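Structure record follows, encoded as structure tokens.
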Amino acid sequence: MKDKINSMLAEAKNKIHEAASENELQNMKSAYIGKQGALSLLMKEIPALSVSLRPEMGKLLNQAKNEVKELIDKKRVELKLKASEVPPDFDCSVPGILPSQGALHPITQMCYDLNDTFRSMGFEIFEEDEITSELYAFDKLNFPPNHPARESMDTYWLEGHDSGATSEKLCLRPHLTGGSVRYMQTHKPPYRFVYPGRVYRNETTDAHHERAFFQYEALIVDKDITFTSGKVMIKSILSKVFGTDVPVRMRSGFFPFVEPGFEIDMQCQVCGGKGCSVCKHVGWIEVMPGGSPHPNVLRAAGLDPDEYTGFYVNIGLDRLVMMRYGVDDVRLFHSADLRFLKQFR
Amino acid sequence: MKLSLSWIKDYVKIPEDMDLKKLAYDLTMSTVEVEDAEDLARRFDGMIVGVIDKVEQHPNADRLRVCKVDIGGGEIRDIVCGGINLKEGMRVAVSCPGAVVRWHGEGEPVVIKKSKLRGVESYGMICASEEIGLGDLFPAAQEAEILDLSDFDVPAGTPLADALDMNDVILEIDNKSMTNRPDLWGHYGIAREIAALYDLPLVELEPFQTDVASDFKVEIDAPDRCARYMGVEMSGVEVKPSPYKMQNRIWKAGMRPINALVDITNYVMLATGNPTHAFDADNITDHIVVRHAAEGEKLLLLNDNELTLQEDDLVITDSEGPVALAGVMGGAKDSILPKTRRVILEVANFEATGIRRTALRYETRTEASSRYEKAIDPERCDQALALSMQYFKELYPELKVTGFCDNYVKKLERAQIDVSLTWLEKRLGKSLTNEEIQGKLEKLGFVVQIDGDNMHVTAPTWRSTGDISIKDDVMEEVARMYGYDNFDATEFTTSFTGAINQKDKSLVRNIKEYLAFRCGMQEVYTYPWMSDTYVNAVLQSTEGVLKLSTPPAPDMSFIRSSLLPNLCEAVAKNERYFNDFAIFEEAQVFFDKNYVSLYDPAESLPEQRRHIGGAFASSVKNINTLFREAKGVLEHMPRYTHMEEYLFRKEEKPVWADSHVWLNLYLGDQKIGDMGLMAKKVSMECGIKNLSVMLFELDTTLLKPLRSRTNHFTHLAEYPETDYDISMLFDVNTVWHDIYDVIMGRKKASALLKDAAFVDEYRGKQIPAGKKSVTIRLTIGSDEKTLTSQEIESTAGQVMKKLEKRMNAELRTQ
């Protein structure tokens, strides 16, 4: 009997070990320790044994039954942990569900990136109204009275406000710089602010020219500033936009409201400065004008140009976004075409 | 502007080993933007002068010939050609295999290959002038005419670039980069700048002198507009081609050679930057008078345009009337014609802004006017005249000067500027020696006197017409000559005066990010001007709307007082591609009222506010869902963006809204915006076909940001809370706000009620007419214990009983 028990136990252990499903285990349970199970049936044979053997065999049998039960329970937990809730052909390559699809306009994205950068350097953000007078759009910026930009073929004048004194002539602002004068008039120096906004020029549009476009002006005015302080501002902007340190150069340029004025070029990011079709083989791309505010502009803002000076840059955001992403038509920014806008996350 | 380097070298001795790339780079960094420095000869690579030995008929084509061409070294090759003027002994331009040409001067460049033409092997191509880019230099008289180079006495096989003097570098300068530098608009000006940059000797142009005494005179009746007029009357000239060298240079500078008389005037302008003009002296009656035009006076220009002049125009006249539009274009009557034998040469100085106004008025910007409008100094007339006379004498050995006058009515004052050296050092951020500063300025033609800290600077005449006028200009000259790249970037120091906190700016950003990131809306930008179609459809009135005087298009003259017309246009445009989308825009709007300025008492600006508007468009959602989505976005916006809560009221229907589906937004007693369903009529007028559109617009200027982020912490419930849904029938006109008020209002239906939320609303089958079923989710719980199901049931029962009593609600039996 002892051998029977032991061999049955060994057989059960083996089968339990190899069981692959809950069902199998259940069957085994009834096959060995159920009412009609092999071990249970052996129990019935005990009374037929000699009295001296009965206690030992009974004990042995109970131990075996318990051991089988424990093994089955243990295996059951083991199987549960191994098991999956889904069929084995579950396809994990199916794409996920897109979360809420909204996005900011790529220009806004760029603008906010720059705002964050400048705020980290202690700049304020300034905004001004889009309708301004000729006084602030041109006079205060040292544009001579006959400057071509003042003409209606360059600037959008308002009907009924397109003649008379320059303080009475109203237009959609052709640039942001006039607004900077307003800031300076109403704040105490030193100044450190950025001024994002949309400006308007009356011109024929094509892939590279727009009537409405975005500028980002940064101005710093203090007592002891050399004209090269601007390089720090420029580098901050470009490294934020392009994610790496971009070599820049400043070269001579002319704008009525700065003296001296610069054209600021950055190394072509397509060819790394070696020369390619994008940079017309010069290795540099013009990105923004800059310079020290012209003494007449500081005077217009109520500052003494002998005491104060500063540095200004004005970035075309459209152009920067175009370069960043390879957008080839500036008119797309105002198209409100979701096929375009959805590409920018 | 295009410049020939070999021409520049006439005036400044540039060392032969100078790196031209560096020259272009240095000019760009210090003076003007050199967009391109083209090695001109490269265009003619693979092209040689060939001599036609024999011309034979092509066996398989009537129009083609087979030429035996000597391509040098006695080598004769067959070349198939369709030219009509081929003859034996003729020198021609041959493009050998590898050369790049353009078929008939048009289209993409083509690389020449050895090939068979109609069965006959052809070595290369005998070229017409336009095929190798020389159409302007050697204009063909008729189609299929081959460029005849027989006048060029060179042996067969000579590289074409050598034969035609094309070994040159063409500098292309960005005109925009020198609008402030009238002195640079010619080869001599750039030569002067190069001389200064590299400290090289500059060739001086000797002034013209003559001892001719005659009664030839020029009157200046408008001294405000004409500072100087030099005139030379001469005989013994005729119309003939100018020498090839002159034609070649004029062509390199981007103009067309015409005839010797005209070419001299253009050449001198390209050299000195001072325009000159030649009149046929036989057509000038009496003498020349420079004056303002009489109002309505007529002038027929060289280009056959007849102008009706205004008093603001300056004209050159004789006793019969205007003969030229001063500084802009000559007249037809006195222009150079084949019969011309006597000319009057004009070398004059006209006032810049007047020339510009006239050129713009008649849309006639010319090489001359674009130079005059930069403000040329009158001293330059001397050089221009000297150079002109040098060439007149060279080209017409028989020439006789019969009259000369120099009417110089307004002498130029040279700019005088005092600069403090301490100031200069501070602004440069670098200490330069007095000698360095003086040296750099003197090279540019400035006269410098240093006395202690003061540096007295006298600008040269060619920089004194407005270009150099203040000490900052002088500083710029020093800095650019030193090289901007040689100054180190100086960091600016940060002063800690506290964190920057601009709540209004943050609020707008919070709102935009909330709409985009949380509500799934796409931000768009549209123009400030609106198309009349959308103005009429959406605003339905233009009262108080501002207008542009020269709009981008006649039907886009109104500038927006609301963001909605352009948003509706954006919806209409996107309908083709999308059937369910939401967009928003934040921008400025304008109103023709409340004119005021905070900055200048003389200024008066219209009212300008900032709005935020949105559109939810869908053809797949029902209006109820669309409405609740839009309303949900607005309802939750104040909490997520941290501004004061506004309320929905129903006071005044927006004109564009459906008669039932609309709400007004109020912050206290102030209306701050609207929302609503776009009326069917409006969306039809907007060209929207299947989309239902919910619109909203808020005045962001009126929104009030909270001082900081506000959230209220409540202790987490200690005992479980239960959601319990009840559905009851209400009168169809019952509004949710009232139901909520009965349940959760000041006297709550039960102390165990934590909240009540709207789940949905149903009408239709199984619901009696005039009724609707509303499902409400009650949150029930206690702070003291876990509630039994009886307690929960009884709380819900109290709510239902109260609704029955107060709102005449019935328990839904089905």
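Every number in this text was worked out from the coordinates using simple rules, so none of it is lab data. Just so you know, these numbers come straight off a predicted model, no measurement behind them. Because the Cβ atoms are built from the backbone with ideal geometry, glycine has one as well, and the counts that use them run over all protein chains shown.
Based on Cβ point charges of +1 for Lys and Arg and -1 for Asp and Glu, what charge dipole magnitude is obtained for the stretch B:47-158 about its Cα centre, in debye rounded to the nearest 20?
Numbers: 12 positive and 18 negative charges, 98 e Å.
I would put it at about 480 debye.
How would you classify the stretch A:106-341 from its alpha-carbon gyration tensor, with a ≥ b ≥ c the square roots of the eigenvalues: rounded for a/c under 1.5, else prolate if a/b is greater than b/c, otherwise oblate?
Working: a/c = 1.66, a/b = 1.17, b/c = 1.41.
In terms of gyration-tensor shape, oblate.
What does the charge count around A:Phe143 come to, taking other residues whose C-beta lies under 12 Å from its C-beta (Lys +1, Arg +1, Asp -1, Glu -1)? Display every interim value, and only then the final one.
On the way: positive: A:Lys140, A:Arg150; negative: A:Glu134, A:Asp139, A:Glu151, A:Asp154.
That sum, taken over residues with Cβ under 12 Å, equals -2.
Can you work out the Karplus-derived ³J(HN,Hα) for every residue in the stretch B:329-337? Use 6.51 cos²θ - 1.76 cosθ + 1.60 with θ = phi - 60°, whole Hz, and x for glycine or proline.
So the J values, rounded to whole Hz, are 7, x, x, 5, 5, 10, 6, 6, 10.
What FRET efficiency do you get for B:Val620 and A:Ile97 if R0 is 30 Å and r is their Cβ-Cβ distance, rounded to the nearest 0.05? Walk me through the numbers on the way to the answer.
On the way: r = 17 Å, r/R0 = 0.57.
Given R0 = 30 Å and the Cβ-Cβ separation, E is 0.95.
Assuming 0.36 nm per residue, please report the length gained on full extension of the stretch B:Gln57 to B:Arg42 beyond their Cα-Cα distance.
Values: separation 15, 0.36 × 15 = 5.40 nm, distance 3.36 nm.
Net length gain for the segment: 2.0 nm.
With everything on Cα atoms, drop me the angle between helix B:187-198 and the longest principal axis of chain B, reported from 0 to 90° to the nearest 10.
80 degrees
Can you list the residues, at least 5 places off or on another chain, whose amide H is less than 5 Å from the amide H of B:Leu811, using H built in the peptide plane?
B:Leu729
Which pairs break 23 Å Cα to Cα here: B:Lys374/B:Lys471; B:Lys689/B:Lys772; B:Lys2/B:Lys440; A:Lys240/B:Lys573? It would help to have the intermediate numbers written out before the result.
Numbers: B:Lys374/B:Lys471 21 Å; B:Lys689/B:Lys772 31 Å; B:Lys2/B:Lys440 27 Å; A:Lys240/B:Lys573 34 Å.
The pairs that break the limit, which is 23 Å between Cα atoms, are B:Lys689/B:Lys772; B:Lys2/B:Lys440; A:Lys240/B:Lys573.
For chain A, what is the relative contact order in percent, using Cα pairs closer than 8 Å and at least 6 residues apart in sequence? The partial results should precede the final answer.
On the way: 530 pairs, mean separation 50.7, N = 345.
Value for chain A: 15 percent.
For the stretch B:47-158, what class follows from the C-alpha gyration tensor (a ≥ b ≥ c being the square roots of its eigenvalues): rounded when a/c is under 1.5, otherwise prolate if a/b is larger than b/c, else oblate? Write out the running numbers ahead of the final one.
Working: a/c = 1.27, a/b = 1.07, b/c = 1.18.
Rounded, because the longest to shortest axis ratio a/c is under 1.5.
Show me, for the stretch B:2-11, the HN-Hα J-couplings you get by feeding each phi into the Karplus relation (A = 6.51, B = -1.76, C = 1.60, θ = phi - 60°), rounded to Hz, glycine and proline as x.
9, 10, 8, 5, 5, 5, 4, 5, 4, 10
Label-point separation (nm) for B:Lys114 and B:Asp555, each offset 7 Å from Cα along Cα-to-Cβ?
Taking the simple label geometry, B:Lys114 and B:Asp555 are separated by 6.4 nm.
Which pairs, out of A:Lys274/A:Lys342; A:Lys231/B:Lys411; B:Lys252/B:Lys393; A:Lys188/B:Lys426; A:Lys231/B:Lys9, put more than 31 Å between their alpha-carbon atoms?
Numbers: A:Lys274/A:Lys342 34 Å; A:Lys231/B:Lys411 42 Å; B:Lys252/B:Lys393 24 Å; A:Lys188/B:Lys426 22 Å; A:Lys231/B:Lys9 36 Å.
Violating the 31 Å Cα-Cα cut-off are A:Lys274/A:Lys342; A:Lys231/B:Lys411; A:Lys231/B:Lys9.
Using only the alpha-carbon atoms, how far is helix B:20-30 inclined from the longest principal axis of chain B? Give it as 0 to 90 degrees, nearest 10.
Taking the Cα atoms of chain B, the angle to B:20-30 is about 60 degrees.
Starting with the fewest neighbours, write out B:Tyr244, B:Tyr229 ranked by other beta-carbon atoms found within 10 Å of each beta-carbon. Walk me through the intermediate numbers first.
Working: B:Tyr244 14, B:Tyr229 25.
Exposure proxy ranking, most exposed first: B:Tyr244, B:Tyr229.
On C-alpha positions alone, give me the angle between the axis of helix A:2-18 and the longest principal axis of chain A, in degrees, nearest 10.
20 degrees
Net charge around A:Tyr200, counting only other residues with Cβ within less than 12 Å of its Cβ (Lys, Arg = +1; Asp, Glu = -1)? Display every interim value, and only then the final one.
Working: positive: A:Arg173, A:Arg198, A:Arg201, A:Arg211; negative: A:Glu130, A:Asp154, A:Glu203, A:Glu210.
So the environment of A:Tyr200 carries a net charge of 0.
Collect residues whose amide H, placed 1.01 Å from N in the peptide plane, falls under 5 Å from the amide H of B:Ala348; neighbours closer than 5 in sequence don't count.
Close amide H contacts, sequence-distant or interchain: B:Met230.
Restricting the calculation to Cα positions, tell me the Rg (one decimal) and the Dmax (whole number) of the stretch A:1-111 in Å.
Rg, Dmax (Cα atoms, Å): 27.1, 97.
For A:Ser239, A:Ser167, B:Ser561, what ranking results if the residue with the fewest other Cβ atoms within 10 Å of its Cβ goes first?
Values: A:Ser239 14, A:Ser167 18, B:Ser561 24.
With the sparsest Cβ surroundings first, the list reads A:Ser239, A:Ser167, B:Ser561.
Out of residues 5 or more away from A:Gly275 or on other chains, whose amide H comes under 5 Å of its own, with H placed 1.01 Å from N in the peptide plane?
Amide H to amide H, under 5 Å and 5 or more residues apart or across chains, A:Gly275 pairs with A:Gly283.
So what J values fall out for the stretch B:532-542 if you push phi through Karplus, 6.51 cos²θ - 1.76 cosθ + 1.60 with θ = phi - 60°, rounded to Hz, Gly and Pro as x?
Residue by residue, the stretch B:532-542 yields 3, 3, 7, 4, 5, 6, 9, 7, 6, 7, 10 Hz.
Counting only C-alpha contacts under 8 Å and six or more residues apart, can you give the relative contact order of the stretch B:705-806 as a whole percent? Please report the intermediate quantities before stating the final value.
On the way: 136 pairs, mean separation 37.6, N = 102.
So the answer I get is 37 percent.
Toward the positive end of the charge dipole of the stretch B:1-85, about the Cα centre and with charges on Cβ (Lys, Arg +1; Asp, Glu -1), which of B:Cys81, B:Ala41, B:Tyr11 goes farthest?
Result: B:Cys81.
At a Förster radius of 22 Å, what calculated FRET efficiency corresponds to the Cβ-Cβ distance of A:Met43 and A:Lys74, to the nearest 0.05?
On the way: r = 23 Å, r/R0 = 1.04.
So, using R0 = 22 Å, E works out to roughly 0.45.
Pull out a ≥ b ≥ c, the square roots of the eigenvalues of the alpha-carbon gyration tensor of the stretch B:653-752, then state rounded if a/c is under 1.5, prolate if not and a/b is larger than b/c, and oblate in the remaining case.
Details: a/c = 2.47, a/b = 1.53, b/c = 1.62.
The shape class here is oblate.
What distance in nm separates the simple spin-label points at B:Asp282 and A:Ser7, each placed 7 Å from Cα in the Cβ direction?
The modelled label-to-label distance comes out at 14.3 nm.
Cross-link candidates for A:Lys80: which lysines have Cα within less than 27 Å, leaving aside residues fewer than 8 places away along the same chain?
A:Lys13, A:Lys15, A:Lys29, A:Lys35, A:Lys65, A:Lys69
Taking the alpha-carbon centroid of each part, what is the distance from the stretch B:39-53 to the stretch A:91-127 in angstrom?
One Cα centre to the other: 57 Å.
May I ask for the distance between the Cα centers of the stretch B:341-382 and the stretch B:765-814, given as a whole number of Å?
Answer, in whole Å: 91.
In whole angstrom, note down how far apart the Cα centers of the stretch A:149-208 and the stretch B:144-195 are.
Taking the Cα centre of the stretch B:144-195 as reference, the centre of the stretch A:149-208 is 42 Å away.
With each pseudo-label sitting 7 Å past Cα toward Cβ, what's the B:Asp418-A:Ser50 distance in nm, one decimal?
14.0 nm
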